[in-house]
């Protein structure tokens with residue numbers, strides 16, 4: 001029986017690919033929406049986040065309802081009996097992609113994703129790498145065939161974003177759409193092509 005008062009509960013992973021700001025902004029938006037978030041950040045995810053942003057690990061952990069040590073394989077999110085609406089890994093490194101595709105649970109991010117797969121819950125991977133090798137593409141295809149959503153953080157320039165923050169908000173909005181959580185963080189395509197802003201000309 002479905003509980004009408006069910007509180008949305010989503011696991012968030014942050015790994016060592018560039019793009020930590022996406023995971024951070026995702027946590028902020030979900031907190032504002034009243035979603036219970038369970039965060040696990042890998043060692044290299046933490047290293048990259050400190051390098052790319054002005055936030056500390058403690059500050060990012062505080063954005064989540066619950067945060068876990070990546071080495072804690074006994075955490076709640078490592079068990080299928082702990083019910084969630086799914087998991088998003090943003091950003092998702094190619095190492096993490098490969099570990100999930102092969103069922104190798106080296107740390108809690110991998111294990112939590114494996115749980116989501118075996119329980120047939122929603123798994124969204126915000127993969128970050130360029131260019132992509134055949135190994136990367138094969139791992140993505142393998143997981144996509146299992147029902148995993150592969151969502152590279154590609155901004156839509158039709159909205160004429162004026163900042164990195166606006167591009168990140170559009171990506172976060174698209175991630176949340178995958179869980180049936182619809183926000184108005186960015187403009188949505190409505191079939192009408194708006195005029196682009198005037199371009200500066202060179203004398």
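The values are calculated or read from the model by the stated rules, or taken from the named source; none is laboratory data. None of these values were measured; they are calculated from a predicted model. Ideal geometry is used to build each Cβ from the backbone, glycine not excepted, and the neighbour counts take in all protein chains shown.
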Taking the condition of being assigned to a loop (DSSP other than H, G, I, E, B) and over 16 Å from residue 89 (Cβ atoms), how many residues in the stretch 36-62 meet it?
5
Could you tell me whether residue 37 is in contact with a strand residue (DSSP E or B) (Cβ under 6 Å, 6 or more places away or on another chain) and touching a residue at least 24 places away in the same chain (Cβ under 8 Å)?
yes
Selection from the stretch 95-110 of residues surrounded by 23 or more Cβ atoms within 10 Å (Cβ to Cβ) and farther than 13 Å from residue 142 by Cβ yields 96, 108, 109, 110
Since residue 62 meets every condition but one in (1) touching a residue at least 12 places away in the same chain (Cβ under 8 Å); (2) more than 19 Å from residue 150 (Cα to Cα), which condition does it not meet?
(1)
Just to be sure before I move on: is residue 96 part of a helix (DSSP H, G or I), touching a strand residue (DSSP E or B) at 6+ places or on another chain (Cβ under 7 Å) and either at pLDDT 95 or above or farther than 22 Å from residue 17 by Cβ (or both) in the structure I sent?
yes
Set 133, 78: member being over 23 Å from residue 52 (Cα atoms), at pLDDT 95 or above, out of contact with any strand residue (DSSP E or B) (no Cβ under 8 Å at 6 or more places or on another chain) and buried (at least 16 other Cβ atoms within 10 Å of the Cβ)
78
Scanning the stretch 81-94 residue by residue, those crowded, with 18+ Cβ neighbours inside 10 Å and farther than 13 Å from residue 179 by Cβ turn out to be 89, 91, 92, 93, 94
Looking at the stretch 151-172, which of its residues are closer than 22 Å to residue 8 by Cβ, without any contact (Cβ under 8 Å) to a residue 40 or more places away in the chain and not in a loop (DSSP other than H, G, I, E, B)?
170
Among (1) touching a helix residue (DSSP H, G or I) at 6+ places or on another chain (Cβ under 7 Å); (2) farther than 22 Å from residue 32 by Cα, there is one condition residue 175 misses while meeting the rest; what is its number?
(2)
Determine whether the stretch 5-24 contains at least one residue that is farther than 18 Å from residue 96 by Cβ and in a strand (DSSP E or B).
yes
Residue selected from the stretch 173-185 under the condition buried (at least 16 other Cβ atoms within 10 Å of the Cβ) and not in a loop (DSSP other than H, G, I, E, B), by the criterion nearest to the chain's Cα centre (by Cα):
175
